[in-house]
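The values are calculated or read from the model by the stated rules, or taken from the named source; none is laboratory data. A quick note: this is a predicted structure, and the numbers were derived from the prediction, not measured. Here the Cβ positions follow ideal geometry from the backbone for every residue, glycine too, while neighbour counts run over all protein chains shown. Side chains included, ligands, DNA and RNA excluded: accessible areas come from the protein's heavy atoms. Shrake-Rupley method; radii C 1.70, N 1.55, O 1.52, S 1.80 Å.
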Amino acid sequence: MTGKMVLYLMMTLLTVLGCKKEHVPPEDPDGVLGGSFGPPNVDLVVSVSSSANPVSVGTLLNFTIKVANKPGNNPASTISATSVKAVWSAPPGNNYNFSSADPDCYPTNYSVDCYFGNLVSGASSSKVIKIVPIQAGTLSVMVTVSSKEQDGDMRDNQASISITVTGQ
């Protein structure tokens, strides 16, 4: 038996006995496969869209954040994602004024935290954030989603969009 095999068997035994919460097999060092190894995973996906692009300075601009818990092909991905949170952020600067947001969305400095609660496997939910651009240029926005559970595929947990803001 090779050293890797012994280590793998020991880690698997620790996981089965509940001594270790998570196990990533040697053939999946980044933990992107998830599912059949370690605890069950959710698979959250986030997207962001805008009501207009380009938009003029002083015009109300809506950003829609959509979060989904993909069911996937793996039975382990059928669990609910709990305490789902998306963070909408723009770079520091005074190029927009926050207008309003859906309930459960709260502005902080250059970001807005939106709370989606729990999402069962296959479910999705959306929130809208409204801003008013006050300076011409490019407004770049990033949205990141997370939950209490381990995500089996972190590659789709961020989304971005760039809006061209023109003068009046």
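Consider PRO103 carefully, then state whether it is open to solvent by 40 Å² or more (accessible area, probe 1.4 Å), free of Cβ contacts under 8 Å to residues at least 24 places away in the same chain and in a loop (DSSP other than H, G, I, E, B). So PRO103 fits the description; yes. Looking only at residues of the stretch 114-148 that are in contact with a Pro (Cβ under 8 Å, 6 or more places away or on another chain) and either part of a loop (DSSP other than H, G, I, E, B) or open to solvent by 30 Å² or more (accessible area, probe 1.4 Å) (or both), we find that the one that is farthest from LEU44 (Cα to Cα) is SER140.
Applying the selection to the stretch 62-94, what residues are among the polar types (S, T, N, Q) and modelled with pLDDT of 85 or more?
If the condition is that a residue be among the polar types (S, T, N, Q) and modelled with pLDDT of 85 or more, then ASN62, THR64, ASN69, SER80, THR82, SER83, SER89 are the ones that fit.
Return a yes/no flag: does the stretch 45-56 have any residue that is open to solvent by 60 Å² or more (accessible area, probe 1.4 Å) and either part of a strand (DSSP E or B) or without any contact (Cβ under 8 Å) to a residue 60 or more places away in the chain (or both). Scanning the stretch 45-56, I find at least one residue that is open to solvent by 60 Å² or more (accessible area, probe 1.4 Å) and either part of a strand (DSSP E or B) or without any contact (Cβ under 8 Å) to a residue 60 or more places away in the chain (or both), so the answer is yes.
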